[in-house]
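Student: Can you keep this structure in mind? I'll have questions shortly.
The values are calculated or read from the model by the stated rules, or taken from the named source; none is laboratory data. Here the structure is a predicted model, which means the values were calculated and not measured. Cβ atoms come from the backbone with ideal geometry, glycine included; neighbour counts cover every protein chain shown. Surface areas here come from the heavy atoms of the whole protein model, side chains and all, with no ligands, DNA or RNA. Shrake-Rupley method; radii C 1.70, N 1.55, O 1.52, S 1.80 Å.
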Amino acid sequence: MGPDYKFTRLTENAFGSDPVDRIGTACWDHALDLETESEKWRLVRATLDSRKPFQDFVYCAVGGNGSPMYVKASGRPVFDANGEFRGYRGTGTDVTAIVRAQRAEESLRTVEAELAHVSRVTTLGQLTSSITHEVNQPITAAVTYALAARRFLSAEPPNLREADDALSLIVKEGNRAGEVVGRIRALIKKAPARKDAVAINDAILEVIALTRTEATKNSVSVRTQLAEDLPRVQGDRVQLQQVLLNLIINAIEAMRDVGEEQRELLISARNEPDGVSVEVRDSGPGFAPAALERVFEAFYTTKPGGLGLGLSICRSIIEAHNGRLWASPNLPRGASFQFALPAIANTAS
Ligand code: ADP
């Protein structure tokens, strides 16, 4: 292009159109993102005006057939023998397919994040009754202690020591209710992925506490086998708890199909050569070998009201943590879901 940045020569079929149509025009005469990305254009204009080379400048232009195309352009300034600026010489590549794929990937990620949030909240919705129960217990206890404190104070003579003890117990119960609420808030909070050093056993125990009432209601006996010297794993504690919550709720739901006396849930955490593994094992009906991989597919569900997204989201979360999540049959019956995560070095807790 010449010193006025207008095209002077173009290869055959540049921009998918007849070069004649573009000669004598500047690239911004055909751009579709001048207004939406004005800053980008201001910068490239400044580069040209200062006669510097530009590289991999991507913009959206009208293509030969009238539809938008993305162009990636690079160029160097040209000076004549007297050092006079004569314009730019460069190349442009059609990157429409690449940009489209990137955009699709980005929107997929956003949707995935939204879905993780939705399913987290929905699962919690199902647990509302169990949460209400957890919060109600300490409140009821606190009211009982308050009534006792009043009795101690109105006695003749007032029993200050007993009243003081009752008040301490009220404080304790109040804190307990606060903790339950705090745990729930942490679970629903839509936080971006964090990089905490997660003590996996604590994370497991919190989720078990949250699901205890649900397990009891379904006559499921819950056992744990948590190794004591586990290293910490790096990641988002709430997301990892979301995975556990999904696996535990799935297991409880699956065991509705077997006799009450056979409903056993075992949650274990073990040391692995390069990290930790966690297993959620139930004694439900299990699944057919053909379903082993399908359960992780999005929208695969065998439940009348199921969405079929839980396990696929769980897998994306674990893979985002550089781990693996897989299913296997539990013997003699039931299902086992395991995930393995790499450890942060030297963090045995
Ligand atoms: P949803 O719970 O909405 O069905 P999921 O992705 O959580 O979606 O699970 C997909 C399917 O995997 C379930 O519908 C069920 O058929 C199967 N599944 C999941 N967990 C278990 C389990 N513990 N035992 C047997 N089948 C299971």
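Student: Return a yes/no flag: does segment 238-249 have any residue that is farther than 22 Å from THR211 by Cα, in contact (Cβ under 8 Å) with a residue 12 or more places away in the chain and away from the ligand (no atom under 11 Å from the Cβ).
Tutor: Among the residues of segment 238-249, not one is farther than 22 Å from THR211 by Cα, in contact (Cβ under 8 Å) with a residue 12 or more places away in the chain and away from the ligand (no atom under 11 Å from the Cβ), which makes the answer no.
Residue-by-condition table, conditions (1) in contact (Cβ under 8 Å) with a residue 24 or more places away in the chain; (2) under 30 Å from SER312 (Cα atoms):
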position	(1), (2)
ALA14	yes, no
THR25	no, no
GLY63	yes, no
ILE98	yes, yes
THR110	no, yes
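Student: Next up: If the requirement is being more than 10 Å from the ligand (Cβ to nearest atom) and among the acidic types (Asp, Glu), which of these qualifies: GLU297, GLU293?
Tutor: GLU293
Student: Moving to a separate point now. Here is a check on your reading of the model: is PRO289 modelled with pLDDT under 85 and surrounded by fewer than 18 Cβ atoms within 10 Å (Cβ to Cβ)?
Tutor: When the stated conditions are applied, PRO289 passes them.
Student: Shifting gears a bit: Within segment 47-56, does at least one residue satisfy the condition of being in contact with a Phe, Trp or Tyr (Cβ under 6 Å, 6 or more places away or on another chain), more than 17 Å from THR93 (Cα to Cα) and of a type outside the set (A, V, I, L, M, F, W, C)?
Tutor: Within segment 47-56 (the criterion being in contact with a Phe, Trp or Tyr (Cβ under 6 Å, 6 or more places away or on another chain), more than 17 Å from THR93 (Cα to Cα) and of a type outside the set (A, V, I, L, M, F, W, C)), the answer is yes, since at least one residue qualifies.
Student: Return the only residue of ALA335, ALA327, ALA343 being away from the ligand (no atom under 12 Å from the Cβ) and among the hydrophobic types (A, V, I, L, M, F, W, C).
Tutor: After applying the criteria, what remains is ALA343.
Student: For segment 277-286, enumerate the residues that are near the ligand (Cβ under 7 Å from one of its atoms), over 28 Å from the mean Cα position of the chain (by Cα) and open to solvent by less than 30 Å² (accessible area, probe 1.4 Å).
Tutor: Of everything in segment 277-286, just one residue is near the ligand (Cβ under 7 Å from one of its atoms), over 28 Å from the mean Cα position of the chain (by Cα) and open to solvent by less than 30 Å² (accessible area, probe 1.4 Å), namely GLY284.
Student: Same structure, new question: Of all residues in segment 211-239, which are among the small types (Gly, Ala, Ser) and either surrounded by 15 or more Cβ atoms within 10 Å (Cβ to Cβ) or within 24 Å of ASP274 (Cβ to Cβ) (or both)?
Tutor: Passing the criteria: ALA215, ALA227, GLY235.
Student: Could I ask something else about it? Taking the conditions exactly as written (within 26 Å of SER221 (Cα to Cα), more than 23 Å from the chain's Cα centre (by Cα) and within 8 Å of the ligand (Cβ to nearest atom)), does ALA254 satisfy them or not?
Tutor: yes
Student: While we're on this one: Those residues that are basic (Lys, Arg) and touching a Ser or Thr at 6+ places or on another chain (Cβ under 6 Å), I need them from segment 217-239; list them, please.
Tutor: ARG232 - this is the single residue of segment 217-239 that is basic (Lys, Arg) and touching a Ser or Thr at 6+ places or on another chain (Cβ under 6 Å).
Student: State yes or no: is ALA203 more than 16 Å from the ligand (Cβ to nearest atom), in a helix (DSSP H, G or I), surrounded by 18 or more Cβ atoms within 10 Å (Cβ to Cβ) and at pLDDT 90 or above?
Tutor: For ALA203, the condition - more than 16 Å from the ligand (Cβ to nearest atom), in a helix (DSSP H, G or I), surrounded by 18 or more Cβ atoms within 10 Å (Cβ to Cβ) and at pLDDT 90 or above - is met.
Student: Within segment 316-349, how many residues are in contact with a helix residue (DSSP H, G or I) (Cβ under 9 Å, 6 or more places away or on another chain), farther than 16 Å from ILE249 by Cβ and part of a helix (DSSP H, G or I)?
Tutor: Of the residues in that region, 3 qualify.
Student: Farther than 18 Å from ALA340 by Cβ and either within 8 Å of the ligand (Cβ to nearest atom) or open to solvent by less than 80 Å² (accessible area, probe 1.4 Å) (or both), is that true of LEU311?
Tutor: no
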